[in-house]
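The values are calculated or read from the model by the stated rules, or taken from the named source; none is laboratory data. In this text, all values refer to a predicted model and were calculated from it rather than measured experimentally. No Cβ is skipped: glycine too gets one built from the backbone with ideal geometry, and neighbour counts run over all protein chains shown.
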Amino acid sequence: MDVLFSLFSSLPLAQLELDFTIISADIPYIVSGVLTNLAFTLVSALFGFIWGTVLAIFKISAIKPLQWFADFYTSIFRGTPLILQITIIYFATPQLLNYPIPSFLAGVIAFSLNSAAYSSETIRGGIMGVDKGQREAAQTLGVKYMPMMMDIVLPQAFKNILPALVNESIALLKDSALVSVIGVEELMRRGQIVAQREFIYFEPLLVVGVVFYLMVIGFTWFARRFEKRMRFSD
């Protein structure tokens, strides 16, 4: 036991001393990055959801080129790392288009395109889960394809896949920390700035982790309330 105690006491963790007073003045600066994360997540989720719906409709379309395009698109964005997509859009756009794209816009584009690839599969599954008889009845009544999808099929599909879309949004919120690699001063980036300035890492990054956790818990609570209201509206 004495040997184990001496070994443990020699470890750096045994001598760890935390002092949050060092970063107390910087905590408001770190926490204010929440607004950037939330704005980034909401904008990316909105555009990703819209484009994902279009891709889902392409996948169930009878037009083969649209199916091929949607499947190829999904395979590209699901088969490559998200951080690679972010850096390509941010660093390659000035080279290809001679346009210095803002870092926030580059992150939104990358996350929207990536989110669409994943949500399209979820939306497609929701559409296919709607009773086929409803589509046949609408076609019998002379309802055209797009009005049928927008007014009959998609509303029912979205109710069925709402939990999966919530999970996708939560993952998007957590992954928003990745835009720190292209200089967006969101929560993670601000924590790193404070850490490098004060030469301590655990305290500021712990603050970042706690804030992210609280955001996810709050978003989950709100989503469950919304889901219950959607169920009761049937």
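Details
- Restricting attention to the stretch 169-218, the residues that are part of a loop (DSSP other than H, G, I, E, B), at pLDDT below 90 and closer than 24 Å to A106 by Cα total 3.
- Any hit, the stretch 183-193, residues being of a type in the set (V, I, T) and more than 30 Å from P102 (Cα to Cα): no
- The set of residues in the stretch 71-87 being farther than 15 Å from S112 by Cα and either more than 17 Å from the chain's Cα centre (by Cα) or in contact (Cβ under 8 Å) with a residue 60 or more places away in the chain (or both) consists of D71, F72, S75.
- Among the numbered conditions (1) modelled with pLDDT under 90; (2) closer than 21 Å to M215 by Cα, the only one that I27 does not meet is (1).
- Of the set (1) of a type in the set (F, W, Y); (2) over 18 Å from A164 (Cβ atoms); (3) surrounded by fewer than 20 Cβ atoms within 10 Å (Cβ to Cβ); (4) under 14 Å from the mean Cα position of the chain (by Cα), all apply to F91 but (4).
Conditions tested, residue by residue: (1) part of a helix (DSSP H, G or I); (2) of a type in the set (V, I, T); (3) in contact with a helix residue (DSSP H, G or I) (Cβ under 9 Å, 6 or more places away or on another chain).
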site	(1), (2), (3)
L18	no, no, yes
Y29	yes, no, yes
T36	yes, yes, yes
S44	yes, no, yes
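Every residue, every condition in (1) touching a Phe, Trp or Tyr at 6+ places or on another chain (Cβ under 9 Å); (2) charged (D, E, K, R), yes or no:
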{"residue": "K59", "(1), (2)": "no, yes"}
{"residue": "A62", "(1), (2)": "no, no"}
{"residue": "L66", "(1), (2)": "yes, no"}
{"residue": "A70", "(1), (2)": "yes, no"}
{"residue": "T80", "(1), (2)": "no, no"}
{"residue": "V108", "(1), (2)": "yes, no"}
{"residue": "K132", "(1), (2)": "no, yes"}
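- Look at (1) at pLDDT below 90; (2) touching a Pro at 6+ places or on another chain (Cβ under 8 Å); (3) not aliphatic (A, V, I, L, M) and you find that Q134 fails only one, number (2).
- Matching residues in the stretch 123-157 - criterion: being surrounded by fewer than 20 Cβ atoms within 10 Å (Cβ to Cβ), within 28 Å of S169 (Cα to Cα) and among the β-branched types (V, I, T): V130, I152
- Flag for S112 being surrounded by 13 or more Cβ atoms within 10 Å (Cβ to Cβ), assigned to a helix (DSSP H, G or I), in contact (Cβ under 8 Å) with a residue 12 or more places away in the chain and out of contact with any Asp or Glu (no Cβ under 7 Å at 6 or more places or on another chain): yes
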